[in-house]
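First comes the structure, then the notes that go with it.
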Amino acid sequence: MQFIESLTDRTPLFPSDAGAGAVAECFAQRPGSCAFPVTGADGTVTGLVERAAVARAAGDGETHKRVGALMRRAPLMLDRAMTAREALDLVLAHIDRPEAFLVMDGDECVGVCTLPALVQAVLAPDEDTARDAEFDQAVAEEVQRLYGALEAECRLQLQGLMAMADRLERQPLGPDALAQVYSIRATGEALQRLAGDTNDLMRSRQGRLELTLKPQSLRALIDRVQSRWVARAEDNGVSLLISYDGDPDLSALIDAERLTQVFDSLVDNALRYTRRGSIEVGLRARVDEGKVRLEGRVRDTGADLATKMAEAFVADAENGEGLSLPLSLARGVLKSMSGALRAETNAGQGATMLFQLVVDAAEAPAQDTEERPASGAAHVLVVDDNATNRMVAEALCEMFDCTSETAEDGVEAVEAARTGRFDIILMDIKMPRMDGIAAARAIRSLEGPEAMTPIVALTANVDPEDARSYLAAGMCCVVEKPIKPDRLLQAINIALAETQAGAEDGGQIAAA
């Protein structure tokens, strides 16, 4: 059991009137330090100045700028006697989830500790404890929990990046600037896929990957694979050849998203090693006594590296160490579907990845009734103290053909709600001055119809007990951050439907 005192960087303290140049010199002499405590006139610690903030000031020529203007005020302070696990729980639960925090001995600052140091300490138990199977399971669960928290934070930031790209695309940009925006969008989408794939890989290895079985047209599934990859293959100078061998009207009971994910992973892997020639993607389906036997194939004409990767896959079929993320993910997903993945080296160049699945036959799926926003559906008040979160919510409202205004805290939200201009309020929970729960209660206590304006909670805290407190405060439903567009649209529809039940034209975002 490690205590945070043993993980602490015992740094010097700087007064708030110290110049950024002097602090930058100290950082240069201490390459392992990421932040220094800052003290006020009375000698008490009042803030934390981080290396990045000082570097920016020095880079801008502001070496005489006082660190008091650069520091993060009211930093998280934890007692030196806390264990690494206790400290990690508090850091992850903190509203800002700080990268660095202060370690205290009463009123005295011992030094600075970092989030990576805590994670490493928690995930690196001593040799004797690691032999215990029960502890190993606890570590695996801790890894999943930590990764889940980090993945959610990454997705939230990426969502802000994508919302910014959306807005930039609608500006009058020249061809070069627009090409750069497209590049930003492509990078963001790739990072979103990477975060999701990595999380799915971890879940598959723990046997916790969830499947949603629905009737799916097999012909439509392979067509979807083609539409997803044909443009990228062309960009790489590769011909993508798609084939389907089976009854064109055949449907099967499968998780279409997961099976598409398998094809995506195999095609992605093939494109990594194929710079010319072709990639063949095929799906063969045969019905046998109510069961459908599926055989998938992705064949590339890549260089020797692809052949070596296939040979490594065959040689290490048990644990998959050293394999690329796409191959590891494809195998993990197939295993969760009771399928198997194998590799063959081609007679000429490249390799072929093959898989087999046996699934139930199904009736043709009913046509999906996709929920779509109606034009000018609702006027929305977005309440959040984080500018990026406000921008994401506004972009989604615009996508739903809704108009929106913003407020930065609960006090502004209550004043805006008094006007009665809004059909619905999207309310963050943790905000300065007045939090979302207090704001919801204040709005419900207003006089007039504005008191009944539906309020949807937007929060990363979706624990059942927390959700009950939001509903008790007068909110009608909860949407988890990072916000998923379909979930937000569903929540808006539910909120408006409950408020305006029975009205023939109450402004609800309608299903198409």
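The values are calculated or read from the model by the stated rules, or taken from the named source; none is laboratory data. Note that this is a predicted model, so its numbers are computed, not measured. Heads up, the Cβs are rebuilt from the backbone with ideal geometry, glycines too, and the neighbour counts pull from every protein chain shown. Just so you know, the surface numbers come from the protein's heavy atoms only, side chains and all, with ligands and any DNA or RNA stripped out. Shrake-Rupley method; radii C 1.70, N 1.55, O 1.52, S 1.80 Å.
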I'd like the residue in the range 59-79 that is among the basic types (Lys, Arg) and under 32 Å from the mean Cα position of the chain (by Cα) and, out of all such residues, is farthest from ALA20 (Cα to Cα).
ARG73
Being hydrophobic (A, V, I, L, M, F, W, C) and more than 23 Å from LEU161 (Cα to Cα) is the filter; apply it to the range 190-205 and report the residue that is least open to solvent (accessible area, probe 1.4 Å).
LEU201
Scanning the range 152-178 for residues that are surrounded by fewer than 17 Cβ atoms within 10 Å (Cβ to Cβ) and either touching a strand residue (DSSP E or B) at 6+ places or on another chain (Cβ under 6 Å) or without any contact (Cβ under 8 Å) to a residue 24 or more places away in the chain (or both) gives LEU168, GLU169, ARG170, GLN171, PRO172, LEU173, GLY174, PRO175, ASP176, ALA177, LEU178
Given the condition small (Gly, Ala, Ser), open to solvent by 40 Å² or more (accessible area, probe 1.4 Å), within 30 Å of the chain's Cα centre (by Cα) and at pLDDT 85 or above, answer yes or no: does some residue in the range 216-232 qualify?
yes
Spot the failing condition for ARG185; the list is (1) over 23 Å from ASP89 (Cα atoms); (2) exposed (fewer than 15 other Cβ atoms within 10 Å of the Cβ); (3) of a type in the set (Lys, Arg), and only one is missed.
(2)
Hey, any hits in the range 365-375 for a residue that's more than 30 Å from VAL333 (Cα to Cα), among the polar types (S, T, N, Q) and at pLDDT below 85?
yes
Taking the criterion of being within 17 Å of VAL49 (Cα to Cα), modelled with pLDDT under 75 and not in a helix (DSSP H, G or I), would at least one residue in the range 81-97 satisfy it?
yes
Anything in the range 413-453 that is free of Cβ contacts under 8 Å to residues at least 12 places away in the same chain and surrounded by fewer than 13 Cβ atoms within 10 Å (Cβ to Cβ)? List them, or say none.
GLU415, SER445, GLU447
Just the residues that are among the small types (Gly, Ala, Ser) and modelled with pLDDT of 85 or more, please, taken from the range 57-73.
GLY68, ALA69
What about ALA467, is it farther than 19 Å from ALA438 by Cα, open to solvent by 20 Å² or more (accessible area, probe 1.4 Å), of a type outside the set (D, E, K, R) and in a helix (DSSP H, G or I)?
no
Inside the range 214-261, can you point out the residues that are under 24 Å from ALA190 (Cα atoms) and in contact (Cβ under 8 Å) with a residue 60 or more places away in the chain?
LEU221, ILE222, ASP255, ARG258, LEU259, GLN261
